[in-house]
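**Q** Could you have a look at this structure, given as structure tokens, before my questions?
The values are calculated or read from the model by the stated rules, or taken from the named source; none is laboratory data. As the structure is a computational prediction, the values presented were derived from the model and not from experiment. Every residue, glycine as well, gets a Cβ built from its backbone with ideal geometry; the counts of neighbours run over all protein chains shown.
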Amino acid sequence: MSQHLTALLQKSYDEAPYASHPFPQSAPEHLEGIATLFGLTPTPPANARVLELGCASGGNIIPFALRHPQAQVVGIDLSPVQIAQGIERVRQLGITNLTLRPMNLEDVDASLGSFDYIICHGVYSWVPDSVRQAILRICREHLTPRGIAYISYNTYPGWKAREIVRDAMLFRSEGRATPAEKLAYGRGMLDFLAQMSPVGSLLRKALDEVLPAIETSGPAYLLHEFLEPCNQPLYFRDFIASARSGALDYLADAEPYTMFVSNHGAQVAEPLLKEAGGDQVVMEQYLDFLTNRSFRQTLLVHATQKQNIQYRLDARRMEALHYALGKDPQLDTDIRPAAPSAAAAVRAALETAFPATLSFAELCAAAQAGNKAEVSPSDVTAYLEELIITGRVRYTARARACASAAQVAAGQAVMHPAAALQPDLACNIWHQPVNLSAAEHALLLRLRKGVQPPGAAQNAALLERLRRFGLLV
């Protein structure tokens, strides 16, 4: 049965390759920052060995390989078609530290070696049980002692409503020969149900919850999320139980702000803290029920590392990190708390540096410069803790640099190594995909060739946009 399903999956991805692009939560630099925040000492990504399971055509690891030419990167995918596409991209970009292999994950053996970071995005829920077991086995056997594994998966309870929609789409598309036919018939089923389901019914509620996401998603996502032969969501606690049975354990969520119960107010936090009894996994399972969570990105480590994990935020660890605002302050309307003057000065410094990072020492200096009274480092720490808990700041174990406005104006900026991946898509210093206009992409290509554009007002505006996107260094 498993071999039959695997063959169906390979055929599906060969016929309709998945959109392959960067996933910022999976970037090793991001994982290093989270591990450092919670007390671990992972391997620096610049010299790490990185493995991606289910890499498609390499869109998630090609930018990393370009950023870190001294790292060694391996990608594995079941689909020979996707791997061939990736190999061609690697050749065109002249990358020498990345290897892509067509392979069934169940066939991975000791010859592959060990890795400091293992990434598995969009695979675990979408494969047979035997492949799920292989994923956890690979993490157990191929992670270095300080290694970190990232695994994403669909989860309950949020996927309960989505399962109703998926089952309906599968029912009508059954037996259709081509991906296009399956998608057309599946969409037709949803149109019918949306028109005919009674107002207030369970089906209507499920459709109201899921249809907005379906209507804004591309064909590849819909085919592989709703019309694949495999899609097995599971509860977070059950996933951790499977990991623990293989000598792995929970480190954190790839979006750590979701771990803090304080974000839900005292009325929620106090009873849940008492109920969970200090068990982080139990706490987060309660939060999943509370928020109807449907997708998770979980970080695992060897069980021997569990004793070193410290979830209570510590000033010493926070002071070792570098910080940047979570998004462009020009677009930000929710990060200006009624803060003391030290916090306001820190905020102003982060705005000026955006999208680059500032160290804790630099933030303390900025806070003191903006105040006549003595500013304690603990005041800065308290503000940063608030930003971390609420998910409004990025943090990393190492500085992230980008060109300043003055450097851009002086013609000293160059393209970030991973920026120009394809005509309308770039990857910035934070491993985020950025959609570009034709004019922006053309300007990036000129910079990649070392050709500085003339200082026309139009180019100046475009260059400033590219800088704030994090595409210039």
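**Q** Answer yes or no: is there a residue in region 133-153 that is modelled with pLDDT of 95 or more, hydroxyl-bearing (Ser, Thr, Tyr) and buried (at least 22 other Cβ atoms within 10 Å of the Cβ).
**A** yes
**Q** Does region 48-75 hold any residues that are more than 21 Å from Pro24 (Cβ to Cβ) and outside any loop (DSSP other than H, G, I, E, B), and which are they?
**A** Answer for region 48-75, where residues must be more than 21 Å from Pro24 (Cβ to Cβ) and outside any loop (DSSP other than H, G, I, E, B): just Gln72.
**Q** Further question: What single numbered condition from (1) modelled with pLDDT of 70 or more; (2) among the hydrophobic types (A, V, I, L, M, F, W, C); (3) more than 24 Å from Arg400 (Cα to Cα) fails to hold for Ala348?
**A** (3)
**Q** If you don't mind, another one. Within region 139-146, is even one residue within 23 Å of Asp288 (Cα to Cα), in contact (Cβ under 8 Å) with a residue 24 or more places away in the chain and touching a helix residue (DSSP H, G or I) at 6+ places or on another chain (Cβ under 9 Å)?
**A** Within region 139-146, not a single residue is within 23 Å of Asp288 (Cα to Cα), in contact (Cβ under 8 Å) with a residue 24 or more places away in the chain and touching a helix residue (DSSP H, G or I) at 6+ places or on another chain (Cβ under 9 Å).
Conditions tested, residue by residue: (1) under 13 Å from the mean Cα position of the chain (by Cα); (2) of a type in the set (S, T, N, Q).
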{"position": "Gln25", "(1), (2)": "yes, yes"}
{"position": "Pro28", "(1), (2)": "yes, no"}
{"position": "Gly54", "(1), (2)": "no, no"}
{"position": "Asn60", "(1), (2)": "yes, yes"}
{"position": "Ile76", "(1), (2)": "no, no"}
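**Q** Got a sec? Which of Gln305, Gln267, Gln285 is in contact with a Lys or Arg (Cβ under 6 Å, 6 or more places away or on another chain) and either of a type outside the set (Ser, Thr, Tyr) or not assigned by TED's automatic domain parsing to the domain that holds Leu31 (or both)?
**A** Only one candidate qualifies: Gln285.
**Q** Can you say whether Pro17 is at pLDDT below 95, under 22 Å from the mean Cα position of the chain (by Cα), surrounded by fewer than 22 Cβ atoms within 10 Å (Cβ to Cβ) and under 30 Å from Thr178 (Cα atoms), as far as the supplied structure shows?
**A** So Pro17 fits the description; yes.
**Q** Hey, another quick one. Considering (1) closer than 19 Å to Leu248 by Cα; (2) at pLDDT below 95; (3) surrounded by 21 or more Cβ atoms within 10 Å (Cβ to Cβ), say which one Asp129 fails and leave the rest.
**A** (3)
**Q** What are the residues in region 118-144 that are hydroxyl-bearing (Ser, Thr, Tyr), in contact with a strand residue (DSSP E or B) (Cβ under 6 Å, 6 or more places away or on another chain) and in a helix (DSSP H, G or I), if any?
**A** Tyr124, Ser125
**Q** Here's a follow-up. Filtering region 92-105 down to residues that are at pLDDT below 95 and assigned to a helix (DSSP H, G or I), which residue is surrounded by the most Cβ atoms within 10 Å (Cβ to Cβ)?
**A** So, considering only residues that are at pLDDT below 95 and assigned to a helix (DSSP H, G or I), the one surrounded by the most Cβ atoms within 10 Å (Cβ to Cβ) is Leu93.
**Q** Turning to a different aspect of this structure: Does any residue of region 153-164 turn out to be over 29 Å from Ala241 (Cβ atoms) and outside the structural domain of Gln25 (by TED's automatic domain parsing)?
**A** no
**Q** Can you confirm whether Asp129 is among the acidic types (Asp, Glu) and without any contact (Cβ under 8 Å) to a residue 40 or more places away in the chain?
**A** Here the answer is no, as Asp129 does not meet what is asked.
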